[in-house]
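Take a look at the structure below.
The values are calculated or read from the model by the stated rules, or taken from the named source; none is laboratory data. Small disclaimer: the values here were computed from a predicted structure and weren't measured. Here the Cβ is made from the backbone with ideal geometry for all residues, glycine too, and neighbour counts use every protein chain on show. Quick note on the areas: whole protein, heavy atoms, side chains included, nothing else; ligands and nucleic acids left out. Shrake-Rupley method; radii C 1.70, N 1.55, O 1.52, S 1.80 Å.
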Amino acid sequence: MKILVYPHHLEIGGSQTNAIDLATQLRDAHGHEVVFFGTPGPAAALLHERKIRLLPAPAAFGAPSARMIAALARVVREQRPDVVHAWDWPQCINALLALGSMGALGPLGVPFAGSDMNNLSVSAHLPKSVPMTFGTEETVDVARSLGHRRLLLLEPPVDTSRDDPEAVDGTVVRKEHGVGADEQLVVAVSRLVGWLKLEGLIRGIEAVGELAARYPVRFLVVGSGTAEDDLRRRAAVVNEAAGREVVTVPGPMLDPRGAYAAADIVLGMGGSALRGLAFGKPVLLTGERGFSTVVSEDTVTPLFWRGYYGVGDGTPSDLAGQLETLLIDAELRARLGGWARDLVLRRYSLEVGGRNLDGFLREAASRPPARLDILRDLAAIAPRATASRVIPPSVRSRLRGGPAPSSWADVAVARGTQDRSAPAGGPR
């Protein structure tokens, strides 16, 4: 079967990595021909490394995009794939408008399926008739309640052969950043942006700064983004107060596996937390509104439902205390690391994700939605998606009766999955 994968812009990010890893697995383990159609960016190097062909897409942000729709239609006519796999809601909208219209008007229609790994909400723009995967039990449940008919739970996969403590030498990263053998290294690999990520990174810097006077602890924050300069300024304040290099913000790594392998403790959320678990590291999970927790057998069950994030009640949790517990207890770190690696192998490996996605895409290719259902989706989605692009945010806010959610906590409350009046986000 020939699969045309249509991801978000090929930046370094979790969705792009998931798309590339799963496509590689579908080719190598299940025998499919895989071609990518995407806007070139740094992640294109991963496609080159995996020997996956990239057909360049135009740079077009948001959806619908007339340029992207026309380019996708042209590529589909040229490549004649058996199925198109679109990642994230803008690509799903563009694919619906390109392929749905083609299917409605002539014989060139090609089935497509979509994947949305946004664990915070389910976009109302997504077509209801198209087969869709979501990354958590909660978003699958929400999508079902919104009228989606063909669903798959596709949790963020981890390449456990590459993300393996036995396959990567972390000493190179430790030497590069002057981390001594007697120092314990906390690592965060993240996009350095205000939305969702920043609170946990700032609290991590503050916690390490608080503990630096008592413990030989270092904090390596790997990544890039709009908050990078802010985090460097905060790191400089901590380093000056400690009289030594405590927090380092070196920028992004195309291949951050060395940083995970170098870590004694991983701090983060989402796919980065899962990669930390895959490397057999204890993971200190962060979120918003004061949330943090150590991932363990006692705290993991709520994470299966909502994903590897959390929302607190607005009162900061004792992140410094949680980190200190891990720093002083080598036996606990070893036990959590062994459990973590086993969990990822059983639940989140590429073998598991690839097997599930293979069956899903085969069915999508062999049983496309009825043309009438696609036309209903086009009629429902096109005006709404277009309005979101042309109506100013302030006007949309008034039409909604309130401001747009600015954080995961607000999204969760708006969706009815959290209650501001009670502590939220699961165990601490």
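Matching residues to (1) crowded, with 18+ Cβ neighbours inside 10 Å; (2) in a loop (DSSP other than H, G, I, E, B):
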residue: 110; (1), (2): yes, yes
residue: 115; (1), (2): yes, no
residue: 125; (1), (2): yes, yes
residue: 140; (1), (2): yes, no
residue: 161; (1), (2): no, yes
residue: 174; (1), (2): yes, no
residue: 178; (1), (2): no, yes
residue: 195; (1), (2): no, yes
residue: 203; (1), (2): yes, no
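Working only within the stretch 284-316, note down all residues that are surrounded by 21 or more Cβ atoms within 10 Å (Cβ to Cβ) and among the polar types (S, T, N, Q). Within the stretch 284-316, 286, 292, 293 meet the criteria. Where helices (runs of 4 or more DSSP H) fall entirely within the stretch 219-286, those with at least 1 residues that are of a type in the set (D, E, K, R) and under 25 Å from residue 336 (Cα atoms) are at 257-262, 270-278. The stretch 321-428 holds helices (runs of 4 or more DSSP H) entirely within its bounds, and those carrying 2 or more residues that are of a type in the set (Lys, Arg) and modelled with pLDDT of 60 or more map to 330-347, 350-366, 371-390.
A Cβ distance below 7 Å, combined with a sequence gap of six or more or placement on separate chains, defines the contacts here; from the stretch 226-252, residues that are closer than 20 Å to residue 196 by Cβ and open to solvent by 40 Å² or more (accessible area, probe 1.4 Å) reach residues that are outside any loop (DSSP other than H, G, I, E, B) and not small (Gly, Ala, Ser) in the pairs 232/249; 234/202; 234/205; 252/222.
Within the stretch 44-51, can one find any residue that is free of Cβ contacts under 8 Å to residues at least 60 places away in the same chain and assigned to a loop (DSSP other than H, G, I, E, B)? Looking for residues that are free of Cβ contacts under 8 Å to residues at least 60 places away in the same chain and assigned to a loop (DSSP other than H, G, I, E, B), one finds at least one in the stretch 44-51, hence yes.
If the condition is being touching a strand residue (DSSP E or B) at 6+ places or on another chain (Cβ under 8 Å), in a helix (DSSP H, G or I) and open to solvent by 20 Å² or more (accessible area, probe 1.4 Å), then the stretch 143-159 contributes only 144.
Here the stretch 19-30 is the region considered, the condition is being touching a residue at least 12 places away in the same chain (Cβ under 8 Å) and over 21 Å from residue 92 (Cβ atoms), and the residue that is least open to solvent (accessible area, probe 1.4 Å) is 24.
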